[in-house]
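The structure appears right after this line, and notes come after that.
The values are calculated or read from the model by the stated rules, or taken from the named source; none is laboratory data. Not measured: the values here are computed from a predicted model. Positions of Cβ are generated from backbone atoms using ideal geometry, with glycine treated the same way; all protein chains shown enter the neighbour counts. These area figures cover heavy atoms from the full protein model, side chains too; ligands, DNA and RNA do not enter into them. Shrake-Rupley method; radii C 1.70, N 1.55, O 1.52, S 1.80 Å.
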Amino acid sequence: MTTDQQPMTTNNNGLQFYGAPPQASLIWQGAIQSIAFDPVGIKAKLKNLSQPCYVVRYQNQLGVTNEGHVHSPNGTATPGTLPIVASSLPLALSQLGDPTFLAFHGTKMAYSSGAMANGIASAPLVIAMGKAGLLGSFGAAGLVPSRVEAAIHEIQHALPHGPYAFNLIHSPNEEALERNGVRLYLQYGVNTVEASAYMGLTPHIVYYRVAGLSVNQQNQIVIKNRVMAKISRREVASKFMEPAPPRMLQELVAQGLISEQQADLAQYVPMADDITVEADSGGHTDNRPLVALLPSIIALRDEIQTKHNFATPIRVGAAGGISTPASSLAAFMMGAAYIVTGSVNQACVESGASTHTKKLLAETGMADVTMAPAADMFELGVKLQVLKRGTFFPMRAQKLYDLWKEYDAVEDIPADEREKLEKQVFRRKIDDIWHDCVTFFAERDPDQLKRAENNPKRKMALIFRWYLGLSSRWSNSGEKGREMDYQIWCGPAMGAFNDWVRGSYLEHYENRQAVDIANHIMTGTAYLYRLQTLRIQGLQLPAQLGQYQPVSNQLVS
């Protein structure tokens, strides 16, 4: 639209119309009293998403109404009829995204809370989501099997019919965690996992998927064990979009873990039901831009679907950077079947993070994040996105990685550097830390100790990972005196959320509840979609109408 175009209709409430001549539009008939002409009344009509919205012209003024009847013009003016210059249909929150996601997972909206490790995505959070008919994923990564088992019991007791999911993280340095996770999920009938941090398929995720395959009386394949794979690379996505590798299937059959029939059925189904495209998120991330990554993965899905013609096409959802109605709308408009939120849930009252951490997150800006070495993939040089505001963790973690790269053993580190580590970072003697590592891994994964017996560099990595691992637990438990060492996984979405809710009741972390936030994000998404629908038809709206602000207890169902 060029700047010299003049609106065909304008009035002092800020509405302007640049579209086709009103006489070419539909005709509205109803009570004039139902039309709002003031900004407050207009916004109320626009937010009434359960009803249609008509923008009408009355005495050269534009107004908005949800009532009345619509019909085509017949060439004669009829009392009580007005020309419609723009309109939009009712929009339920369940219409956003792919309806098969709702049916498949038994949810009310195409919205999920993602798994934040170490129980940050806690059992109370998953239960709150599930009771509201929303899918939440428990953050099992980094937890010992007994803790995961306790969470399974708690969640299944509260949600016997779901919906819920559990995280299954790829742990190349601690294979026992992934293996034990699959064992627990199969033992207790956890039928939906959110697979994350995978760089390729492993026998464990393949075993989980294929062990749930069977055939019903109609000779149709039944998929009992559902997989939502969180990815950020095409080459990884393709592995989850294809059937399980024959070689892995043969090995699982040979081990007696799956049957020959299940191995045969596996060639007709993809490894995942849902692919979550993870963009610039907190924690493990490649910092990909969603606008580039999501369309690419959707196109890849279409290629593979054409190749295999799966009975149920894979759904592609979006995560990373989504925390506001605007970012949610962008994802859905690019074709996302569903959205997944992460960082914003960490600041909610139900999360497993400490009060200190939640307060820091509520004050976070979009630029208050950075990358730091990851504990679980330390030796691979993998980094994750964390909060840098109010903590020295990113700087100290990077220092540890630099020392590990430079030296082959703890004993090779210069004495003054060792002293700084022990006094400023660890606050303990390195020998005492190693003793703790031995105790810890003897229960969690004894293979780690065997691999470090004659490998001093490996031993040094385990010592450094002691700090990296505990720093996230300190953040969760609120360890006093360790606040400056808190490792807080966080993406720029947290800052965007804080900007959006500033001035509302959600500005205060004590008021943030995961389901409430989900409803506001999705309601705001539907509201912004309505505005875009009207804009496309030629309507221009003033700034005060162009934003959805959270208001307590005023949600659209």
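See the values below:
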| quantity | calculated |
| --- | --- |
| Subset of segment 499-514 (residues that are surrounded by 21 or more Cβ atoms within 10 Å (Cβ to Cβ), of a type outside the set (Phe, Trp, Tyr) and in a helix (DSSP H, G or I)) | Val501, Leu506, Ala514 |
| Residue, nearest to the chain's Cα centre (by Cα), within segment 269-301, restricted to residues that are of a type in the set (D, E, K, R) and either part of a strand (DSSP E or B) or more than 14 Å from Ala336 (Cβ to Cβ) (or both) | Glu278 |
| First in segment 300-319 and touching a residue at least 24 places away in the same chain (Cβ under 8 Å) and closer than 9 Å to Ile275 by Cβ, second anywhere and in a loop (DSSP other than H, G, I, E, B) and of a type in the set (Val, Ile, Thr), Cβ under 7 Å, 6 or more apart | Arg301/Ile314 |
| Residue selected from segment 337-348 under the condition more than 17 Å from Glu507 (Cα to Cα) and under 12 Å from the mean Cα position of the chain (by Cα), by the criterion most open to solvent (accessible area, probe 1.4 Å) | Gly342 |
| Test: residue in segment 456-468 that is β-branched (Val, Ile, Thr), part of a helix (DSSP H, G or I) and without any contact (Cβ under 8 Å) to a residue 60 or more places away in the chain | yes |
| Helices (runs of 4 or more DSSP H) wholly inside segment 165-255 containing at least 3 residues that are out of contact with any Lys or Arg (no Cβ under 6 Å at 6 or more places or on another chain), within 27 Å of Leu125 (Cα to Cα) and open to solvent by less than 10 Å² (accessible area, probe 1.4 Å) | 175-188, 203-210 |
| Thr533, sole failed condition from (1) more than 26 Å from Ser122 (Cα to Cα); (2) modelled with pLDDT of 95 or more; (3) surrounded by 20 or more Cβ atoms within 10 Å (Cβ to Cβ) | (3) |
| Cβ pairs under 6 Å, 6+ apart, first in segment 173-189 and on the phi < 0 side of the Ramachandran plot, second open to solvent by less than 60 Å² (accessible area, probe 1.4 Å) and at pLDDT below 95 | Glu174/Asp445; Ala176/Asp445; Leu177/Ser171; Glu178/Ser171; Asn180/Pro145 |
| Candidates Trp489, Trp466 - the one that is farther than 30 Å from Val64 by Cβ, open to solvent by 10 Å² or more (accessible area, probe 1.4 Å), within 27 Å of the chain's Cα centre (by Cα) and aromatic (Phe, Trp, Tyr) | Trp489 |
| Of residues in segment 442-455 being within 18 Å of Asp432 (Cα to Cα) and part of a helix (DSSP H, G or I), the one modelled with the lowest pLDDT | Glu443 |
| Scan of segment 93-119 for residues that are assigned to a loop (DSSP other than H, G, I, E, B) and open to solvent by 40 Å² or more (accessible area, probe 1.4 Å), ordered by number | Asp98, Gly106, Lys108 |
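Conditions tested, residue by residue: (1) open to solvent by 20 Å² or more (accessible area, probe 1.4 Å); (2) assigned to a loop (DSSP other than H, G, I, E, B).
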{"position": "Pro313", "(1), (2)": "yes, yes"}
{"position": "Ile322", "(1), (2)": "no, yes"}
{"position": "Glu350", "(1), (2)": "yes, yes"}
{"position": "Ala353", "(1), (2)": "no, yes"}
{"position": "Thr370", "(1), (2)": "yes, no"}
{"position": "Leu384", "(1), (2)": "no, no"}
{"position": "Asp402", "(1), (2)": "yes, no"}
{"position": "Glu411", "(1), (2)": "yes, no"}
{"position": "Arg418", "(1), (2)": "yes, no"}
